Amino acid sequence: MALPIEDYALVGDRGTAALIGADGSVDWLCLPRFDSPACFAALLGGPEHGRWLLAPAQGEGVTTSRRYVGNSAILETTFTTPTGVLVLRDVMPVGDGRADLVRTVRCTRGTVRVRHEWVVRFDYGRVRPWVAREQVAGQEVIVATAGPDKLMLRGPRLPHAADGHHTDEFDLAEDEVMTFSTTWVRSWRALPEPLGFDDRIEATRAEEEQWAATCIDDVPHVDVVRRSLVTLRLMTHAETGGIVAAPTTSLPEAFGGERNWDYRYCWLRDAALTLESLLAVGYTDEARDWRDWLLRAVAGDPEDLQIMYAVDGGRQLPERVLDHLPGYEHSLPVRIGNAAVSQRQTDVLGEVMIALEDARDAGITETSQSWALQRSLVEELAEHWDEPDHGLWEIRGEPRHFTHSRVMVWVAFDRAVKAVEKHGLEGPVDRWRELRDQVHAQVLVKGYDAERGTFTQHYETSEVDASLLNLPLVGFLPGDDERVLGTIRAIEEDLMHHGLLRRYRNQSGVDGLPGGEHPFLACSFWLVAALAAAGRTDDAHALMDRLCALTNDVGLLSEEYDVDTGRMAGNFPQAFSHLTLVQAALALR
């Protein structure tokens with residue numbers, strides 16, 4: 001069985017990423033890309049579905065501590081055993097157009113017996129490969145091949161085959177070191193020559209440290225903020241510029257339930273919000289890369305705009321169930337692909353327009369193509385903005401007139417107007433102003449419950465939704481407006497669970513799904529920012545302190561948090577949680 005979600009850490013090369021447990025097991029790795037099939041899939045099953053273990057062989061009396069090396073994505077796990085201390089270092093070096101996971105074990109005291117298991121199963125644990133030993137540059141390696149994929153294991157001492165697994169145990173004495181690497185290539189290509197890992201790892205560490213060094217340092221919980229930014233960057237594909245929502249699929253929102261989704265894709269909303277966070281602290285290169293990704297992904301008819309795309313901008317993300325996997329803690333079904341790709345979510349363009357306006361404010365000049373694209377998207381929105389949609393939360397029930405969606409429609413027109421007024425771009429600004437005012441007026445009438453003094457989840461209900469906390473954050477109303485203050489109070493009354501916010505009340509039946517879920521961490525970070533805007537700064541700081549204390553031992557957050565058991569839930573690490581953490585910290589500057 002997989003470990004608790006919070007016991008995992010992330011390493012990556014900005015092309016893909018691996019989840020490594022505190023027990024030294026690589027339980028999740030998709031190669032060569034975030035949204036490729038997994039070759040190690042024990043996270044959603046067991047060791048028989050693929051994993052790579054390096055850890056002390058003895059089970060009892062072992063204590064574990066972990067850290068990232070400085071501000072890099074190099075993970076260091078220290079095992080203290082009754083006979084000695086073993087340090088495991090994991091890294092995926094960047095560059096060279098290849099995908100390597102490099103694992104180094106070093107004994108720093110005494111003698112430690114080490115267990116080594118290498119179990120490759122392609123296609124999410126379904127396909128058992130053909131495995132053989134071959135010679136590369138005079139060195140023996142183990143090669144696993146099936147279909148289009150080939151993995152090669154290198155090291156000074158290779159494990160032995162045993163019933164589809166490769167296992168070994170050996171003693172490591174003080175100051176002894178062994179380095180192993182797993183490298184992916186296309187199955188029809190020759191096995192790659194060995195490269196100097198020390199130089200590549202040092203270059204990776206130096207580049208990551210240099211990037212993190214430019215982060216702001218005048219925010220609360222600066223170390224957690226910096227780790228969040230490093231994590232967001234790890235989930236940005238270096239070659240294409242696409243930003244994934246999470247590197248995992250089907251980690252459950254409720255253990256044993258069916259709210260299990262594939263987040264290894266590029267949601268326009270999540271990516272735009274990530275971009276806002278990066279721009280707010282001065283990172284502009286990522287903004288240019290993402291804008292170029294956006295141009296490629298959405299090129300064509302504006303009516304064909306999707307809410308999400310593959311990492312390379314691909315549009316086909318059919319949802320299907322992997323029946324051969326038992327699921328994380330028996331949470332079924334295990335899904336790949338995402339049927340929400342076909343939904344209409346009217347809020348998305350608003351988030352995109354905020355990010356692109358922030359990019360203009362940061363000095364990133366529009367190209368003729370990039371502004372033409374925005375104009376066409378805004379014009380398409382002008383024709384359809386008043387239609388019901390599935391909303392921010394990808395409701396799988398009936399489309400509604402969600403208040404948050406209408407507010408983000410207002411944002412889209414507002415930022416289009418600002419593009420003309422502030423940056424001198426061309427467009428039908430009078431029409432856009434008129435539409436902006438029309439949407440604003442409609443929301444104040446149809447999206448507001450005057451009797452209770454709160455905005456509502458959608459126009460046909462008195463229920464509230466945590467997404468309404470964004471009204472002051474996007475400039476729709478001032479933070480100290482009585483209608484905003486009333487909305488904050490209603491959300492605290494209806495959605496707070498042991499101090500953290502749920503997205504909405506599942507009991508209302510609006511999402512069309514059975515079962516419940518846990519508090520959604522991004523919502524509580526929104527509350528921090530909304531409280532700060534409302535002048536409740538002491539409450540905002542107190543909540544921020546609590547939320548930052550929920551990160552795991554290496555500073556990572558999942559999508560949701562089970563306050564009853566003190567466990568993380570949902571896909572991990574979650575970009576939405578980390579980007580809203582950054583935004584909340586900025587609101588408290």
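Laid out as a table, the results:
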quantity	calculated
Strands (runs of 3 or more DSSP E) lying entirely in the stretch 139-192 (those with 1 or more residues that are surrounded by 17 or more Cβ atoms within 10 Å (Cβ to Cβ) and among the hydroxyl-bearing types (S, T, Y))	139-146, 177-186
Test for V222: is it surrounded by 13 or more Cβ atoms within 10 Å (Cβ to Cβ), more than 22 Å from V87 (Cβ to Cβ) and out of contact with any strand residue (DSSP E or B) (no Cβ under 7 Å at 6 or more places or on another chain)	yes
Verdict on L377 being closer than 12 Å to M353 by Cβ and without any contact (Cβ under 8 Å) to a residue 60 or more places away in the chain	no
Filter result (under 20 Å from W393 (Cβ atoms) and in contact with a helix residue (DSSP H, G or I) (Cβ under 8 Å, 6 or more places away or on another chain)) within the stretch 548-569	L557, S558, E559, E560, Y561, M568, A569
Test result for G427, in the same structural domain as A271 (by TED's automatic domain parsing), assigned to a loop (DSSP other than H, G, I, E, B) and surrounded by fewer than 20 Cβ atoms within 10 Å (Cβ to Cβ)	yes
Residues located in the stretch 193-214, provided they are outside any helix (DSSP H, G or I) and of a type in the set (D, E)	E193
Every pair of residues 6+ apart whose Cβ atoms lie under 6 Å, when the first sits in the stretch 48-63 and is touching a residue at least 60 places away in the same chain (Cβ under 8 Å) while the second is surrounded by fewer than 14 Cβ atoms within 10 Å (Cβ to Cβ)	A57/E169
Some residue of the stretch 177-191 being out of contact with any helix residue (DSSP H, G or I) (no Cβ under 8 Å at 6 or more places or on another chain), more than 17 Å from A99 (Cα to Cα) and not assigned by TED's automatic domain parsing to the domain that holds P573	yes
Selection from the stretch 118-138 of residues that are more than 28 Å from the chain's Cα centre (by Cα) and either assigned to a strand (DSSP E or B) or not hydrophobic (A, V, I, L, M, F, W, C) (or both)	R128, P129, W130, V131, A132, R133, E134, Q135, V136, G138
Out of V411, V378, sole residue that is farther than 19 Å from C266 by Cβ, surrounded by 15 or more Cβ atoms within 10 Å (Cβ to Cβ) and in contact with a Gly (Cβ under 6 Å, 6 or more places away or on another chain)	V411
Residue within the stretch 373-385 that is within 15 Å of Q457 (Cα to Cα), among the polar types (S, T, N, Q) and within 26 Å of the chain's Cα centre (by Cα) present	no
Of all residues making up the stretch 391-408, the number that are in a loop (DSSP other than H, G, I, E, B) and either buried (at least 24 other Cβ atoms within 10 Å of the Cβ) or among the small types (G, A, S) (or both)	2
Pair list, Cβ < 6 Å and 6+ apart or interchain, from the stretch 495-520 residues that are farther than 21 Å from N571 by Cα to residues that are among the charged types (D, E, K, R) and modelled with pLDDT of 95 or more	L495/R502; S508/E463
Check on F455, of a type in the set (A, V, I, L, M, F, W, C), farther than 20 Å from L268 by Cα and in the same structural domain as D270 (by TED's automatic domain parsing)	yes
Filter result for A144 (at pLDDT below 95 and closer than 22 Å to D90 by Cβ)	no
Residue pairs meeting the criteria (Cβ under 9 Å; at least 6 apart or on separate chains; first at positive phi, in the stretch 322-336; second of a type in the set (A, V, I, L, M, F, W, C))	G327/L44; G327/V334; E329/M1; E329/A2; E329/F255; H330/F255
The stretch 283-303, residues that are touching a residue at least 40 places away in the same chain (Cβ under 8 Å) and over 17 Å from E239 (Cβ atoms)	Y283, T284, V298, A299, P302, E303
Which listed residue, of A213, A280, A203, is surrounded by fewer than 21 Cβ atoms within 10 Å (Cβ to Cβ) and either in the same structural domain as H166 (by TED's automatic domain parsing) or without any contact (Cβ under 8 Å) to a residue 24 or more places away in the chain (or both)	A203
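The values are calculated or read from the model by the stated rules, or taken from the named source; none is laboratory data. Small disclaimer: the values here were computed from a predicted structure and weren't measured. Heads up, the Cβs are rebuilt from the backbone with ideal geometry, glycines too, and the neighbour counts pull from every protein chain shown.
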